[in-house]
1. Can you give the direction-averaged projected area of the convex hull of the alpha-carbon atoms in the chain, in nm²?
2. Just to confirm a number: summing +1 for Lys and Arg and -1 for Asp and Glu over residues other than Arg245 whose beta-carbon lies under 12 angstrom from that of Arg245, what do you get?
3. Scanning the chain for helices, which whole DSSP H stretches are 24 Å or more long along the axis (Cα) and average 0.0 or more by Kyte-Doolittle?
4. Compute the length gained on full extension between Asn32 and Arg226: take 0.36 nm times their separation in residues and subtract their Cα-Cα distance, giving the result in nm to one decimal.
5. Give me Rg over Rh for region 51-154, both radii from the alpha carbons and Rh done the Kirkwood way, two decimal places.
6. Would you kindly derive the ³J(HN,Hα) couplings of region 118-123 from the backbone phi angles with the Karplus curve 6.51 cos²θ - 1.76 cosθ + 1.60 (θ = phi - 60°), listing them in order in whole Hz, with x for Gly and Pro?
7. Which of Arg226, Arg265, Arg190 comes first, and how do the rest follow, when ranked by fewest Cβ neighbours within 10 Å?
8. Put a dot 7 Å past each Cα toward the Cβ at Thr258 and Ser115; how far apart are the dots in nm?
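Nothing in this text is a laboratory measurement; each read-out follows from the coordinates by a stated rule. Remember, predicted model here, so these are calculated numbers, not experimental data. Counting neighbours? That spans all protein chains shown, and the Cβs are built from the backbone with ideal geometry, glycine included.
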Amino acid sequence: MRHYFCIVQIILEINRTYLMIIETNRFLERINYSGKAASDLLTLQKLQRQHIFNVPFENLDIYYKIPVLLDLRTIYNKVVINNRGGYCYELNSLFCELLRSLGFTVSMISGRVTSAKGGYGHEFDHMALAVEVADTKWLVDVGFGDFSLKPLAVDCGRVQSDGRNKYRIMDNIYVNGKKYMSVEKWNEGRKIFQPEYIFTLIPHKLQDFADMNDYQQTSPDSAFVRSLMCSLPTAEGRISVVNNRIVKTIDGIKYPQTIKSDIHRQSIFRKYFNINFEIPEPILVER
């Protein structure tokens, strides 16, 4: 009997490992990654770039009131199997699992996004990743839309470029007595660095973000509730859908066009983002 249970345990472990390898390989196919995937900086840079160029930052589910669940299997099916995108909690948590499966040391961290009025969002307002490679911590973020295409070294004050824009991480940012770091992006028009969000390197679990995930998809104050968005970088710049407009950015110049109907919007999702999304019928409430 003991021998039997040992054999069963071995079979289960083989099946678990096999499943993990198949899912990892399918994820790599989803982001069009080719070549060896090692747990080094070069691989991390390539993985991040491939993910950002192939998985849209989008909130279609939230906008059309389809619940976003913080469950990795559900997120995996949405992004990898069904060829969708998502927002920070979905994209960064799933990317975190991919990196871990490849041997990276990585943790989910909380960020607070800078508001238009100069303040910051709530704790867990945003999820990013901290990855340790070659004795250096790197800020990795595949779920913030128009952001760095490559990992940013947590080396405060150092100006870093992703080939399109300049970034820097600053420390000693105090908000309500708590110490944060800030990631800043260069604003060419104003000739200054502007904060994108503040963060700490404290590791968190996925469920720590559950309350803010609920808030982001239900609160009338949430930008994800108020506006439809879908965006990807391109070789020339970026392409984005925002509500009833499609905006193509080419060499820094924006070319907006009006989206004429839901059918037109669906065709845009298919053509530019490879997303087949059926707009759900509104739920009729009996009076």
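1. Details: hull surface 82.2 nm².
Mean projected area of the Cα convex hull: 20.5 nm².
2. Values: positive: Lys248, Lys254, Lys260, Arg265; negative: none.
In short, +4.
3. Numbers: long enough: 2-30 (42 Å, 0.22).
Length and hydropathy pass: 2-30.
4. Values: separation 194, 0.36 × 194 = 69.84 nm, distance 3.22 nm.
Contour length minus the Cα-Cα distance gives 66.6 nm.
5. Values: Rg = 14.0 Å, Rh = 14.4 Å.
Computed over Cα atoms, the ratio is 0.97.
6. Working through the residues one at a time gives x, x, 9, x, 6, 4 Hz.
7. On the way: Arg226 11, Arg265 20, Arg190 8.
Arranged by neighbour count, lowest to highest, Arg226, Arg265, Arg190 become Arg190, Arg226, Arg265.
8. So the two model labels end up 3.3 nm from each other.
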